[in-house]
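Taking it in order: structure first as structure tokens, then the write-up.
The values are calculated or read from the model by the stated rules, or taken from the named source; none is laboratory data. Worth saying up front: this structure is predicted, and the values here are computed from it rather than measured. In this analysis, Cβ positions are derived from the backbone assuming ideal geometry, glycine residues included, and neighbour counts consider all displayed protein chains. We work out accessible area using only protein heavy atoms, side chains counted, and drop any ligands, DNA or RNA first. Shrake-Rupley method; radii C 1.70, N 1.55, O 1.52, S 1.80 Å.
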Amino acid sequence: MAQMGGVRGLIYSALPVAVLVPVNTAFGLVPAISAALGVAALILAWRLFRHDSIQPAVSGFIGVGLSALIAWVVGASKGYFLLGIWSSLVWAAVFAVSVLIRRPIVGYVWSWVNGHGYRWRSVRRAVTAFDVATFTWVVVFAARFLVQHQLYDMDR
């Protein structure tokens with residue numbers, strides 16, 4: 001939760017989508033895209049006003065912008081979700097490759113977060129444990145892709 005900015009961060013990340021869907025239903029794609037971008041811009045302005053870190057808001061605005069562009073190119077509001085859907089597949093592949101080459105991403109993230117360095121690389125059981133943890137994320141990302149892609153194809 002802390003890395004997402006707590007409850008506030010979750011709300012900020014959900015607002016553009018929460019605006020896009022009903023505005024699209026009521027007024028169409030272009031107003032929905034404009035509304036989502038407007039909400040993302042307001043969140044950025046609010047964070048600037050409060051002197052909060054703007055990095056999450058800038059990243060969020062870029063994500064909303066890319067998603068809105070994809071929706072516009074696809075010609076349907078459901079295109080807004082394609083970036084997230086396909087990102088899950090990319091992350092599944094990246095994490096899987098890291099397991100295959102015995103450089104599990106979870107181990108490197110754990111080292112970075114805890115400041116322990118890379119001594120774990122020389123401990124076979126640690127590498128195996130991080131392989132298992134990383135593979136768990138492969139399953140999570142792959143399942144997320146499969147479910148969301150299926151829902152997307154079914155217009156759900």
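Brief remarks follow.
- For the range 55-69, the tally of residues that are open to solvent by less than 30 Å² (accessible area, probe 1.4 Å) and out of contact with any helix residue (DSSP H, G or I) (no Cβ under 6 Å at 6 or more places or on another chain) stands at 2.
- Output for the range 25-43, where each listed residue is part of a helix (DSSP H, G or I) and open to solvent by less than 40 Å² (accessible area, probe 1.4 Å): Leu29, Ala32, Ile33, Ala35, Ala36, Gly38, Val39, Ala40, Ile43
- Number of the exception - Pro22 against (1) assigned to a helix (DSSP H, G or I); (2) at pLDDT 90 or above; (3) surrounded by 12 or more Cβ atoms within 10 Å (Cβ to Cβ): (3)
- Candidates are the residues of the range 108-156 that are free of Cβ contacts under 8 Å to residues at least 12 places away in the same chain, closer than 26 Å to Leu82 by Cβ and not in a helix (DSSP H, G or I); the one that is least open to solvent (accessible area, probe 1.4 Å) is Met154.
- Note on the range 72-88: residues that are part of a helix (DSSP H, G or I) and either free of Cβ contacts under 8 Å to residues at least 60 places away in the same chain or in contact with a strand residue (DSSP E or B) (Cβ under 6 Å, 6 or more places away or on another chain) (or both) amount to 8.
- Complete set of residues in the range 70-104 that are open to solvent by 40 Å² or more (accessible area, probe 1.4 Å) and of a type in the set (A, V, I, L, M): Ile70, Val73, Val74, Leu83, Leu89, Val90, Ala93, Val94, Val97, Leu100, Ile101
- Against the criterion of being in contact with a Lys or Arg (Cβ under 7 Å, 6 or more places away or on another chain) and at negative phi, Tyr152 qualifies.
- Residues located in the range 53-71, provided they are part of a loop (DSSP other than H, G, I, E, B) and touching a residue at least 24 places away in the same chain (Cβ under 8 Å): none
- Selected residue (criterion: modelled with the lowest pLDDT) from residues of the range 108-156 that are basic (Lys, Arg) and within 26 Å of the chain's Cα centre (by Cα): Arg156
- Residue check for Pro56: modelled with pLDDT of 90 or more, under 24 Å from Ile85 (Cβ atoms) and not hydroxyl-bearing (Ser, Thr, Tyr): no
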